[in-house]
Ligand code: NOJ
Ligand code: NOJ
């Protein structure tokens, strides 16, 4: 595959723009993985800690967020299973994932201001974070469990079921193993309000519910494998209740899915109720193809994707060039690009797709409040969503690749990525080397290319 891409990139570069883009992205994945690992393999943090970014001031992201690290580890477990990964890389990945499992097991037992597993972040040596912060954030335990479950299955396949039973999942209550603790917490607390993934709004969130549901479904399968059928039934039942509750986010008045219902606190600034967290929920909440089609590719979610993109097209000067095509012209073109084999070479003609931020009313510039910007992880989310067929139309893959092109255009040398890129000139902005930016590039490029 790589050889083919390399050759076709050399010989047919002008003809097969698509192939050379793919080749560039594959090379970038290797840089990105190195950039990511540099945030984990460091002497100045506990083994297993995942700094959100090496930035210690303006902003201070030199902390371990449960959400960020859960998503990062899910991406790394995927890499671990990559048949193309060389032995050295695989050993490094195994080391960091195992260290992370041990580190999280410690954090689960560390007293904190949330008073439970919903504590959003810890210090890099594993001590609690005593600062005032939006807490609890209940997506964390779900994302952590999902990543650990992927790892547990890998261990089971490798003949290490005994170790899994020891450390990760054992049928006993109160729970004494890492995954079981998180699943019990999720199954019993998902109805409670908490802060959203952007740490600003308190209430009930699509993203949080979506990842909680997914963790419970994955957990049920693991529980069955490990002799805990009663728990499997309970987790499945709770997941079903969450599925039903997700429909409540489909706003008839708005005509699209909204990020939060039943707000109980925090900022009240999101007048449009459009938020990329819905798309992130659709990606990270997809437990199995059938349910994905039903829930997260629902017309309401597709409408969110469309409306939000249109909002950012208007909002960011950077997106001006992308405006030249109307949405329907673009969609029609993409349909034909997907339909006619002869169009394969022109798939990238559309140029980079829109730069995507968190939500239109965002004012956080990565350190202060001079105005919101596009985020790498949000733009990657659009890439991944389309490459997984989010809108269900032809040409999705090509469109997804164009979001990755957008990201590439704003990356620094060797695919460095901060949290944001500036809405005006496209330069890196906010916390440098954001670990989650790197992880989201890996999973999006995987969905689009591999
Ligand atoms: C830091 C949070 O992580 C970010 O998401 C939020 O927008 C700002 N604080 C708001 O103060
Ligand atoms: C701010 C983001 O809003 C939040 O989602 C993230 O967890 C932290 N930064 C750390 O990256």
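Derivation of every value follows stated rules applied to the coordinates shown; laboratory data play no part. Everything quoted here is computed from the prediction, not taken from an experiment. Note that we place each Cβ from the backbone using ideal geometry, even for glycine, and neighbour counts take in every protein chain shown.
Three principal axis extents, largest first, for the C-alpha atoms of the range 178-316, in Å?
Taking the Cα atoms of the range 178-316, the three principal extents are 54, 32, 25 Å.
So what's the angle, to the nearest 10 degrees on a 0 to 90 scale, between helix 229-246 and the longest Cα principal axis of the chain?
Result, in degrees: 40.
Given a cut-off of under 8 Å on Cα pairs at least six residues apart, what relative contact order in percent is computed for the chain?
On the way: 830 pairs, mean separation 70.9, N = 450.
Contact order relative to length: 16 percent.
At q = 0.17, 0.20, 0.24 Å⁻¹, what is the log10 ratio I(q)/I(0) for the range 378-447, with the Debye formula run over Cα points and no solvent?
Ignoring solvent entirely, the Cα scatterers give -0.58, -0.76, -1.00.
For the range 82-240, state the average projected area of the convex hull of the C-alpha atoms over all orientations, rounded to one decimal in nm².
Taking a quarter of the hull surface, the average projection is 10.1 nm².
What nm value, rounded to one decimal, do you get for the distance between residue 133 and residue 82 when each label is placed 7 Å out toward the C-beta?
Result: 3.0 nm between the two label points.
What value in Å³ per residue do you get for the convex hull of the alpha-carbon atoms in the range 188-258? Display every interim value, and only then the final one.
Details: hull volume 6.1 nm³, N = 71.
Measuring per residue, one finds 86 Å³ for the Cα hull of the range 188-258.
Give me the extension gain from residue 94 to residue 251: residue separation times 0.36 nm, minus the current Cα-Cα distance, reported in nm with one decimal. Write out the running numbers ahead of the final one.
Values: separation 157, 0.36 × 157 = 56.52 nm, distance 4.31 nm.
Value of the extension gain: 52.2 nm.
Place the peptides 276-283, 217-224, 263-270 in order of packing, highest mean first, counting for every residue the other Cβ atoms within 10 Å and averaging per peptide.
Numbers: 276-283: 27.2, 217-224: 23.0, 263-270: 14.1.
The densest-packed peptide leads the list: 276-283, 217-224, 263-270.
Dividing the Cα convex hull volume of the range 145-185 by residue count, how many Å³ per residue is that? Walk me through the numbers before you get to the answer.
Details: hull volume 2.0 nm³, N = 41.
Enclosed volume per residue, from the Cα hull, is 49 Å³.
Please compute the alpha carbon radius of gyration of the range 120-177, then divide it by the globular-protein estimate 2.2 N^0.38 Å. Two decimals is fine.
On the way: Rg = 14.7 Å, N = 58, 2.2 N^0.38 = 10.3 Å.
Cα-based Rg divided by the globular estimate yields 1.43.
Cα axis of helix 376-387 to longest principal axis of the chain: angle in degrees, 0 to 90, nearest 10?
80
So for the pair residue 310, residue 416, with labels modelled 7 Å out along Cα→Cβ, what separation do we get in nm?
Between residue 310 and residue 416, the simple spin-label model gives 3.9 nm.
How fast does the range 168-227 diffuse by Stokes-Einstein, in µm²/s, taking the Kirkwood radius from C-alpha pairs at 4 °C and 1.567 mPa s? Kindly include the intermediate steps, with their values, before the conclusion.
Numbers: Rh = 12.4 Å.
Estimated via Stokes-Einstein, D reaches 104 µm²/s.
Comparing 284, 204, 188, which has the greatest mean-square fluctuation in the GNM of the chain with Cα pairs linked when under 10 Å apart?
Result: 188 has the largest fluctuation of those listed.
Bin by bin, in steps of 10 Å, what percent of the Cα pairs in the chain do you find, going until the bin that has the longest distance?
Binned Cα distances yield the sequence 4, 21, 33, 27, 12, 2, 0.
If R0 is 25 Å, what FRET efficiency do you get for residue 161 and residue 102 from their C-beta distance, rounded to 0.05?
Numbers: r = 19 Å, r/R0 = 0.75.
Here the calculated transfer efficiency is 0.85.
Given 4 °C and 1.567 mPa s, how large is the Stokes-Einstein diffusion coefficient of the range 87-164 in µm²/s, with Rh as the Kirkwood radius over Cα pairs? Show your work: numbers first, answer last.
On the way: Rh = 14.0 Å.
Answer from the Stokes-Einstein relation: 93 µm²/s.
Taking only DSSP H segments of four or more residues, each worth -39500 (n - 2.57), what value at 222 nm results for the chain once the sum is divided by all its residues, to the nearest 500 deg cm²/dmol? Please list the in-between numbers first.
Details: 14 runs with 218 residues, N = 450.
Rounded to the nearest 500, the figure is -16000 deg cm²/dmol.
Taking the Cα centre of each part, how many Å lie between the range 367-420 and the range 200-231?
If you average the Cα positions of each part, the centres end up 27 Å apart.
Compute the whole-percent fraction of alpha carbon pairs in the range 42-125 spaced more than 20 Å apart. Let's see the in-between values first.
On the way: 1309 of 3486 pairs.
The share of Cα pairs beyond 20 Å in the range 42-125 comes to 38 percent.
Which peptide among 153-160, 366-373, 25-32 comes first, and what is the full order, when sorted by highest mean count of other Cβ atoms within 10 Å? All intermediate terms of the calculation are to be shown ahead of the outcome.
On the way: 153-160: 14.0, 366-373: 16.5, 25-32: 18.8.
The most tightly packed comes first, giving 25-32, 366-373, 153-160.
Show me the ranking of peptides 380-387, 400-407, 163-170 by mean Cβ neighbours inside 10 Å, starting with the highest. Please list the in-between numbers first.
Details: 380-387: 27.6, 400-407: 25.9, 163-170: 19.0.
Per-residue Cβ counts within 10 Å, averaged per peptide and sorted highest first, yield 380-387, 400-407, 163-170.
Helix 299-315: angle to the longest alpha-carbon principal axis of the chain, degrees 0 to 90, nearest 10?
60
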